[in-house]
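The next block holds one structure in the form of structure tokens; read it before the comments.
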Ligand code: HSE
């Protein structure tokens, strides 16, 4: 029996829209084995909604077999998902990457990890989620040219940093969160983001955490998507007042992540928990850290 573990990811990280992402220590695990009859079990699911051959992992495995020209056997798949769905933490990327890693093992590893990452980008379309899910760490990911070839660099964030993560009880689909964005941006907004995304990467590499509060600021997506997330501005302000070095929307939202030194993580999480109690929505507060390994076969 094969077991694959894939981390959650936070994309954009403020100004790095569609090109920066980081893996977090929250995971989806799948087991896959050949079987006489097809089955999918999802430990957390109360409905049968995702338990047919329309299931994303099954679809990805099926596509992989087609692409490598092999006949797919019947499979028994189980999913143990800790990554909340449709919350901006890369749950679809994790399923796609898990399906690709499982397929590669089942077929005798015809593809390298880089080729798996490339295929995952083609399927998912968001390299800033997919690449950190594959490689772990923080990734700058760029798709280049007509063939959309993935170019990436992995950075190892300091293990002194914590990511206090606020996950609300409502969903926000990436499609909806992309539809709300403008088609065009002013030169001033582009310069604003390029400068901050660059500062963010350099600050993470040099542990210049004092820059993070400025480096996460964004004019490309957060101001627009923020209108879909009740109390986002208040949460940002409270996090900064409570010891965070920077705070940003995770991926397309609605999850919000505050970066802080590990020594402040508990007090920041406690203050945020107390603060969000007053809101109509429920916010689950988790203390997470960077995952440096990425997807793995257990
Ligand atoms: N960069 C993408 C977006 C990530 O913000 O739309 C989607 O998960």
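The values are calculated or read from the model by the stated rules, or taken from the named source; none is laboratory data. Remember, it's a predicted structure, so these values are computed and weren't measured experimentally. Positions of Cβ are generated from backbone atoms using ideal geometry, with glycine treated the same way; all protein chains shown enter the neighbour counts.
Here are a few things to note about the model shown:
- One residue stands out in the stretch 200-212 among those that are without any contact (Cβ under 8 Å) to a residue 60 or more places away in the chain and either exposed (fewer than 15 other Cβ atoms within 10 Å of the Cβ) or within 16 Å of the ligand (Cβ to nearest atom) (or both): the one that is nearest to residue 182 (Cα to Cα), namely 202.
- Positions within the stretch 1-47 being away from the ligand (no atom under 16 Å from the Cβ) and part of a loop (DSSP other than H, G, I, E, B), in sequence order: 1, 35, 36, 37, 38, 43, 44, 45, 46, 47
- Flag for residue 258 being within 16 Å of the ligand (Cβ to nearest atom), modelled with pLDDT of 95 or more and under 18 Å from the mean Cα position of the chain (by Cα): no
- Filter pass, residue 242 being more than 20 Å from residue 87 (Cβ to Cβ), without any contact (Cβ under 8 Å) to a residue 60 or more places away in the chain and surrounded by fewer than 19 Cβ atoms within 10 Å (Cβ to Cβ): no
- Number of positions in the stretch 134-157 that are over 18 Å from residue 200 (Cβ atoms) and either more than 16 Å from the ligand (Cβ to nearest atom) or outside any helix (DSSP H, G or I) (or both): 11
- Summed over the stretch 96-133, the residues that are within 15 Å of the ligand (Cβ to nearest atom) and either under 16 Å from residue 298 (Cα atoms) or not in a helix (DSSP H, G or I) (or both) give a count of 4.
- Residue count for the stretch 70-95 under the criterion of being under 24 Å from residue 22 (Cβ atoms) and assigned to a loop (DSSP other than H, G, I, E, B): the result is 9.
- Scanning the stretch 51-95 for residues that are farther than 15 Å from residue 30 by Cβ, touching a helix residue (DSSP H, G or I) at 6+ places or on another chain (Cβ under 9 Å) and away from the ligand (no atom under 16 Å from the Cβ) returns 52, 53, 63, 65, 67, 68, 70, 71, 72, 73.
- Pairs are defined by a Cβ separation below 7 Å, a sequence spacing of at least 6 or placement on different chains, a first member in the stretch 249-266 that is in contact (Cβ under 8 Å) with a residue 40 or more places away in the chain and under 17 Å from residue 8 (Cβ atoms), and a second member that is away from the ligand (no atom under 16 Å from the Cβ) and assigned to a loop (DSSP other than H, G, I, E, B); the pairs so defined are 254/170; 258/244; 259/244; 259/245.
- Among the candidates 253, 294, 226, residue that is within 16 Å of the ligand (Cβ to nearest atom), surrounded by 15 or more Cβ atoms within 10 Å (Cβ to Cβ) and closer than 27 Å to residue 97 by Cβ: 253
- Residue 120 being more than 13 Å from residue 20 (Cβ to Cβ), surrounded by 15 or more Cβ atoms within 10 Å (Cβ to Cβ) and under 17 Å from the mean Cα position of the chain (by Cα): yes
- The stretch 158-193, residues that are surrounded by fewer than 14 Cβ atoms within 10 Å (Cβ to Cβ), under 23 Å from residue 259 (Cα atoms) and within 16 Å of the ligand (Cβ to nearest atom): 171
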